[in-house]
Every structure is written in C-alpha cells, then in structure tokens.
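Data first, discussion second: the structure below is written as structure tokens.
The values are calculated or read from the model by the stated rules, or taken from the named source; none is laboratory data. Only a predicted model underlies this, so the values are computations on that prediction, with no experimental measurement involved. Reconstructed Cβ throughout: ideal geometry from the backbone, glycine too, with neighbour counts over all protein chains shown. Side chains included, ligands, DNA and RNA excluded: accessible areas come from the protein's heavy atoms. Shrake-Rupley method; radii C 1.70, N 1.55, O 1.52, S 1.80 Å.
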Amino acid sequence: MYTRITVALVACVVLAGCAAPLTDGSPFDGGFGQSDGEDRLGWENGYAADDSLNVDQSDGLNETEREAFVARTMARVELVRQLEFEEPVPVEVISREEYRQQRGGATDPAYEAWNNQVWESLLLVGEDRNVSDVMDSVYGGSVLGYYSPSEDRIVIVSDSETPVIDRTTLAHELVHALQDQHFGLESGAATQDGQLARNGIVEGDARYTETLYEQRCGTEWDCVPRPNSGGGGGGDSGAPGVFLTIYTPYADGPQFVHELHQEGGWEAVDAVYEEKPQSTEQIIHPAKYPDERPVNVSVEDRSSEEWSRFDTRPVADTVGEASLYAMFWQNGHISRESLRNSPDEYSPYNYSHPATEGWAGDAVVPYESDDGEYGYVFESEWDSERDARQFADAYRATLTNRLGAQRVGDGVYRVPDDSSFGDAFRVRQEGTTVSVVNAPTTGQLDSVHASE
C-alpha cells in the first residue's frame with residue numbers, strides 16, 4: 001500500500017527552522033580517504049574537515065568547486081556524526097517541474113477515497129478536496145532536496161541552471177546517505193503514525209547533526225556563506241494542519257535524538273535504528289521511548305449490508321498523537337502561542353497538549369456504501385478516563401465551535417451541508433475509549449456502525 005501520508009522519505013521541506021535549499025550538484029565520483037592511503041573519520045576525497053575552500057557561489061559552483069564542497073562537507077558530517085561514509089554519494093539536480101512530474105504518478109481511486117476518509121476524520125481535509133492534491137501542493141513548492149534510498153543519491157530541486165548549494169541542507173541530506181549506508185532506510189511502517197514515528201529518528205538525527213555542524217561554523221570551522229533566501233517557496237496547501245503533521249519528525253525529532261545523545265552518546269542514537277520509535281507519542285515525549293508502546297485498537301465491524309470496508313491492507317489506519325494535535329491546532333482549539341511555546345532546546349514547536357497527550361492508541365476504519373457514499377469509524381484509547389474525556393470534549397467543541405455543528409441527539413451532531421465536513425457525527429466515551437462514527441446523515445450512523 002502506498003504511504004498513508006504520501007511524504008517523501010527524507011525530504012527537507014520549508015517551514016520555520018528547516019534548512020535552506022541545496023541547489024546544485026552532479027554525480028560525485030571522487031576517491032575516499034586519500035590523505036594517507038586509508039579511510040578515516042574527517043577525510044573524504046582528499047579533503048579534511050578543517051580544510052579551507054576558496055568557493056564563490058555568486059554565479060553557482062563549477063564542477064571543481066562543487067566536488068570540493070561536497071567532499072569537505074562529507075568529511076565534516078562524518079566527524080560530527082562519528083560515522084564513516086562507505087561509498088560516494090552522487091548529488092544531482094532536477095527542476096521543480098521534473099519533481100512534480102515524478103510525484104504525479106497514477107493514484108489508485110480506491111486508495112485515494114480511503115485516504116480521504118482518514119484525513120477527514122482528523123477534520124483537516126474536507127470533502128471538497130483530495131488529500132493527494134493537498135500533498136502535491138505542499139510538496140510541489142516546498143521540497144528543496146532529498147535523499148533517495150532507492151537510487152543512493154541526493155537530488156536537489158531547483159529551477160536555476162547554476163544553482164548554489166547551502167551548506168546546512170547539504171549536511172542534512174548527507175546524513176541521510178550516511179544513515180542508509182549504515183542502517184538502511186526502508187520504511188516498514190504501515191500506518192500514518194508509524195511512518196511519522198520512524199521518520200522521527202531519521203529526520204531527528206539529520207536535523208540534530210546539521211545543528212551541531214552549524215554550531216562549529218564561524219568558531220571552529222571556516223564555512224561557505226549560506227544563500228540569502230530559503231527559496232523553496234513553501235507549499236500553499238490551504239490545510240496548515242496537514243503541514244504541521246508531516247513536520248513532526250523535523251520539529252520534535254531533534255530533541256528526541258538530543259536526549260538519547262546526552263544519555264549514551266552516538267551509540268545510543270545508533271541503537272534506535274534497531275528498535276525504531278513506534279508512535280509519535282514517543283517522539284513528542286522521549287521519556288516514553290521505548291517502554292510505552294501504542295495499544296492495538298481493533299474496531300468491530302457492525303455495518304449494515306449496504307456499507308462495507310475498503311479492500312486495503314491494513315484496513316485501518318492509526319493517526320496518532322501528532323496528527324490529533326494538528327487537528328485541534330488547525331481548528332483553533334490549540335492556540336498558535338501554545339504551538340510555539342516549546343520548552344526544549346532542539347524543538348521549535350510544542351506538540352504536547354492536555355487534549356492529546358494521554359493518547360494510547362487509535363484506529364480509523366473508512367467505509368463506503370453501495371451508493372458511493374463514505375463514512376468512517378474512529379476509535380481511540382487513552383491512558384485514563386480523564387484523558388479520554390478531555391479528548392472527547394475537545395472533539396465535540398471542535399464540531400460545534402469551529403464547524404457549526406448542532407447537537408441533534410445523545411452524542412449525535414450534525415454539521416451543516418454547506419461545510420466541507422457536512423456530515424453526521426456520533427461521539428461517545430466509555431471509560432478510556434472514545435468512538436467517533438461518521439455518516440452522510442444521522443439516519444445512516446447505525447448503518448455504518450450500529451450502536452451496541
């Protein structure tokens with residue numbers, strides 16, 4: 001199944017705190033560790049980490065300058081990260097239009113309808129839009145560069161014929177190449193929350209390393225000046241909560257890695273690749289890694305004959321704490337000030353809030369009817385009844401205060417049809433469990449998921 005969040009595996013995107021773009025490059029074929037006949041940390045292609053470079057990026061980099069810049073950056077990255085590059089890393093350039101075309105492959109209509117329901121359950125993307133279009137908007141204008149594990153290369157997205165290279169983003173993407181060479185970067189995660197959690201170590205490691213790299217510039221190292229502009233353009237998705245969701249690994253991942261590094265050095269960070277985080281809860285709250293694993297939530301199928309689940313594997317998605325935080329943030333239940341009030345040195349945003357921090361597990365199961373209508377069952381588990389009540393109250397408040405829903409029955413709400421979320425909702429809490437059932441009309445709620 002195609003990735004739930006359709007996110008480039010290790011792409012750097014434009015948002016506050018993200019590195020400026022890499023903007024040039026071509027295949028790099030230099031020898032390694034030629035200083036004394038053997039490979040060692042801090043030496044790549046004849047360049048040492050503390051070497052000076054005479055590089056002028058005012059008109060872009062010629063081939064000689066580019067190879068020197070990439071080689072010295074590799075030497076510095078491996079010195080900071082304490083891992084040796086095992087092979088060369090090609091750096092290539094494609095235009096933004098080429099990047100859009102590469103992303104714009106055919107989409108399975110059934111999967112697209114399934115995925116739309118997942119994001120609709122988060123009250124982030126309404127029925128008037130396809131999630132794939134939102135993602136294309138976000139990534140089509142925002143991706144600056146990425147490392148492709150399937151091709152073992154760094155790709156720079158730029159429309160300039162002579163683009164420049166930003167030292168920080170180059171370092172970031174080279175960390176991804178280093179990760180791939182030592183640990184592998186296959187996903188293995190089947191759910192939205194699992195993918196974001198897995199990327200928490202991958203992106204957190206890269207962002208943390210680039211930060212340590214940058215701290216040496218101007219003090220220990222003479223560094224090539226950075227470009228003046230972020231340049232990626234920032235995708236205008238019209239759904240900022242979607243962007244906030246997929247930014248979680250970049251924002252909270254570095255603090256997660258920092259705490260590991262403080263406790264056990266780079267060996268502790270390396271060990272996480274063998275036992276990757278299982279949930280964004282663990283990335284947001286590093287103390288919960290590795291012991292507090294997500295609860296497996298299973299939703300009983302209580303639909304009528306006219307309604308059925310999608311033929312997907314798995315049939316349900318898990319959205320997780322970070323996505324639920326983004327839901328409440330986009331809909332105004334969490335303030336802009338709360339998001340930026342981070343207590344952590346290496347995390348620019350605070351993804352923790354009482355309405356979501358007691359998350360234990362969830363499952364979203366989309367449904368379709370014989371008449372081509374859609375609905376879903378969204379069931380979540382919480383650490384305590386109080387946590388469940390806080391979430392349920394926040395969800396109901398979002399329906400009424402943000403989406404204009406009217407309460408029309410016991411736990412039943414109706415959002416007006418002129419809203420992109422114009423449906424019926426049944427929201428109920430029983431102990432530590434909160435269930436949300438969605439259908440086009442109140443009369444169809446029991447058809448999607450009958451009350452016990």
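Remarks
- Residue among 212, 323, 188 farthest towards the positive dipole end of the chain, charges placed on Cβ: 323
- Point-charge dipole on Cβ atoms (K/R +1, D/E -1) for the chain, about Cα centre, debye to 20: 1300
- Summing Lys and Arg as +1 and Asp and Glu as -1 over all other residues whose Cβ lies under 14 Å from the Cβ of residue 398 gives a net charge of 0.
- By DSSP, the beta bridges lying fully in the chain are antiparallel in about 85 percent of cases.
- Apportionment of accessible area to carbon and sulfur, segment 334-375, percent (1.4 Å): 38
- Between 0 and 90 degrees, the angle of helix 248-272 with respect to the longest Cα principal axis of the chain falls at about 60 degrees.
- Calculated on the alpha-carbon coordinates, the convex hull of segment 50-175 measures out at 151 cubic angstrom per residue.
- Leading residue at positive end of dipole, segment 284-357 (Cβ point charges), from 284, 297, 341: 341
- Relative contact order (percent, whole number), the chain, Cα cutoff 8 Å, 6+ residue spacing: 15
- Classified by the C-alpha gyration tensor, segment 193-349 has a prolate form. Its axis ratio a/c, with a ≥ b ≥ c, is 1.5 or above, and a/b is larger than b/c.
- Among beta bridges that DSSP assigns inside segment 73-196, antiparallel share in %, nearest 5: 50
- Contact order relative to length of segment 37-92, as percent, for alpha carbon pairs under 8 angstrom and 6 or more apart: 45
- Here segment 70-120 and segment 411-449 have alpha carbon centers that stand 38 Å from each other.
- Normalised radius of gyration (Cα atoms, divided by 2.2 N^0.38 Å) for the chain: 1.04.
- GluC sites (Glu not before Pro) within segment 46-86: DSSP coil, no more than 13 neighbouring Cβ in 10 Å: 86
- What the Cα atoms of segment 105-186 give is an Rg and a Dmax of 16.7, 44 Å.
- With the charge dipole of segment 326-424 set up from +1 on Lys and Arg Cβ and -1 on Asp and Glu Cβ about the Cα centre, the Cα lying farthest toward the positive end among the listed residues 388, 372, 398 is that of 398.
- Segment 291-357-segment 165-190 distance, computed between alpha-carbon centres (Å): 26
- Using a cutoff of 8 angstrom between alpha carbon atoms and counting only pairs six or more residues apart, the relative contact order for segment 316-452 works out to 20 percent.
- Rounded tilt (10° steps) of 385-397 against the dominant C-alpha axis of the chain: 80
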